[in-house]
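A.B. asks: I am attaching a structure below and will ask some questions about it afterwards.
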């Protein structure tokens, strides 16, 4: 898997202060995307042990609430296995840190993916420029949902947070 950046002390991509892993690879190509440089799955840097170490160092800070996977799309086919393994490892190492994931796929398409049990929140759906709203919390367009993963798995349907 390739990635473009690891940002720290982020307050825009989930609740509280977060570390964000910006992965490479996205097949949605949403018009108006704010990060099209991340679409190419071969772009950026290799996600190696050094990058993983950087994530763990940042997550070890008590003031960091958790990690957010964004991009690109963490659920781009070439990313799914690495993201699932990483989320599992982070859940084990940092059980009190929350894990958020942004994807252009809808919950109904991904709810059985291997990564899902390790996540707390999924922000789903493609970015739709005609439904863009800068006042929305944690999402760019009105069609996107901020989904509580635990409640959704229990209910068998998407349960949104707000």
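The values are calculated or read from the model by the stated rules, or taken from the named source; none is laboratory data. These figures come from a predicted structure and were not determined experimentally. In this analysis, Cβ positions are derived from the backbone assuming ideal geometry, glycine residues included, and neighbour counts consider all displayed protein chains.
A.B. asks: Out of the residues in segment 36-51 meeting the condition of being free of Cβ contacts under 8 Å to residues at least 12 places away in the same chain and in a helix (DSSP H, G or I), tell me which one is nearest to residue 24 (Cα to Cα).
C.D. replies: 36
A.B. asks: Regarding residue 26, is this residue touching a strand residue (DSSP E or B) at 6+ places or on another chain (Cβ under 9 Å), over 26 Å from residue 132 (Cβ atoms), modelled with pLDDT of 95 or more and not in a strand (DSSP E or B)?
C.D. replies: no
A.B. asks: If you go through segment 57-84, how many residues are closer than 25 Å to residue 125 by Cβ and not in a loop (DSSP other than H, G, I, E, B)?
C.D. replies: 11
A.B. asks: Could you tell me which numbered condition residue 54 fails, if it satisfies all but one of (1) surrounded by fewer than 19 Cβ atoms within 10 Å (Cβ to Cβ); (2) free of Cβ contacts under 8 Å to residues at least 40 places away in the same chain; (3) outside any loop (DSSP other than H, G, I, E, B)?
C.D. replies: Of (1) surrounded by fewer than 19 Cβ atoms within 10 Å (Cβ to Cβ); (2) free of Cβ contacts under 8 Å to residues at least 40 places away in the same chain; (3) outside any loop (DSSP other than H, G, I, E, B), only one is false for residue 54: (2).
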